[in-house]
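Participant: Provided herewith is a single structure, encoded as structure tokens, for subsequent inquiry.
Quick note: the coordinates plus some simple rules give every number you see, no bench work behind them. Source: prediction; values computed, not measured. A quick note on method: Cβ atoms are made from the backbone with ideal geometry, for glycine too, and the neighbour counts reach across all protein chains shown.
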Amino acid sequence: MVLHYYGHSCFSVNINGKHILFDPFISPNELAVGKVAVSAVPADYILLSHGHADHIADCVAIAQRTGAKIICAWEIYEWLGKQGISNIHPMNTGGSWDFGDFRVKCVVAQHSSGLPDGSYGGNPMGFLLFSDAGNFYYSGDTALTLDMQLIPRWAKLNFAVLPIGDNFTMDVHDALAAADMVQVQTVVGVHYDTFGFIKIDHAAAEKTFSAAGKKLVLVPVGGSTSV
Ligand code: NI
Ligand code: MN
């Protein structure tokens, strides 16, 4: 599976020719300037982990341009509906749905979820994504939580996408513990460097993983990796 990284926690995977985009935050991201054009990002599906602006800033514009189906919490579904977006599949923590090209299960994330206008965004969520091309876990913004120990009951994972930037989420050490809990060898790191609060030492982060026999992949903004 090829994973494209658009900066911060925004990435996409291509399954059955469909572009599945997560947490679009591109136009406000200084690190994406000149590397990613939001007007050229393809999407057939958009998955939103929670309502914070650094996860949904470009969602409406991309959905309007592409007609992509948005998968998100009930409360974000209601908020998007007020902005004229209608191709949305609402879900909530614990639920799963088969979208044909892939199946999604929504799992617990320990975080918060307000929307940019101050309205309530429902529960933040992580996603398990199952497909013929492989299975992966995107935790969304979260603390390390014992709920992650449940994930191997539901999924044999090829890789996980985890935040590593600290301050608002797990740091790299907690992400390593999360990788143990969900039983993956390979982690794609996200939610780092974008703001002053979450700048990290890349070499030290990669070493933390390699010393534990695991692999941390840090993809350049606008780049891609095979996972
Ligand atoms: Ni957040
Ligand atoms: Mn965030």
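Participant: Using 12 Å as the cut-off for backbone N distance, which residues of region 32-63 belong to the label zone defined by a point 7 Å from the Cα of D101 along Cα→Cβ?
Facilitator: What the label zone holds, given the 12 Å backbone N cut-off, is 42-47.
Participant: Another question about this same structure. How many Å³ per residue does the convex hull of the Cα positions in region 95-200 occupy?
Facilitator: 116 Å³
Participant: Sticking with this structure for a sec: Please find the FRET efficiency linking Q183 to H89, where r is the Cβ-Cβ separation and R0 is fixed at 30 Å, and quote it to the nearest 0.05.
Facilitator: Given R0 = 30 Å and the Cβ-Cβ separation, E is 0.60.
Participant: Moving on to the next point. May I ask you to derive the FRET efficiency for S224 and L146 from their Cβ-Cβ distance with R0 = 25 Å, giving the value to the nearest 0.05?
Facilitator: 0.15
Participant: Karplus couplings for region 139-155 from phi (6.51 cos²θ - 1.76 cosθ + 1.60, θ = phi - 60°), rounded to Hz, Gly and Pro as x?
Facilitator: Listing the rounded values in order: 7, x, 6, 7, 6, 5, 9, 5, 4, 4, 5, 6, 4, x, 5, 9, 8 Hz.
Participant: Within the chain, how many lysine pairs that are 8 or more places apart, or on different chains, have C-alpha atoms less than 17 Å apart?
Facilitator: 7
Participant: I need the fraction of alpha carbon pairs in region 1-89 separated by more than 17 Å, rounded to a whole percent.
Facilitator: 42 percent
Participant: Please compute, over every Cα-Cα pair in region 12-141, the percentage with a separation greater than 22 angstrom.
Facilitator: Counting pairs separated by more than 22 Å, the tail of P(r) holds 31 percent.
Participant: Collect residues whose amide H, placed 1.01 Å from N in the peptide plane, falls under 5 Å from the amide H of V33; neighbours closer than 5 in sequence don't count.
Facilitator: Hits under the 5 Å cutoff: none.
Participant: I would also like to ask the following. How many percent of the alpha carbon pairs in the chain exceed a separation of 25 Å?
Facilitator: 32 percent
Participant: In addition: Take peptides 85-92, 171-178 and line them up by average Cβ neighbours within 10 Å, highest first, as a rough protection proxy.
Facilitator: By packing density, highest mean first, the sequence is 171-178, 85-92.
Participant: Using 0.36 nm per residue, how much length does the chain from K35 to Q64 gain when fully extended, once their Cα-Cα distance is taken away?
Facilitator: Taking 0.36 nm per residue and subtracting the Cα distance, the gain is 8.3 nm.
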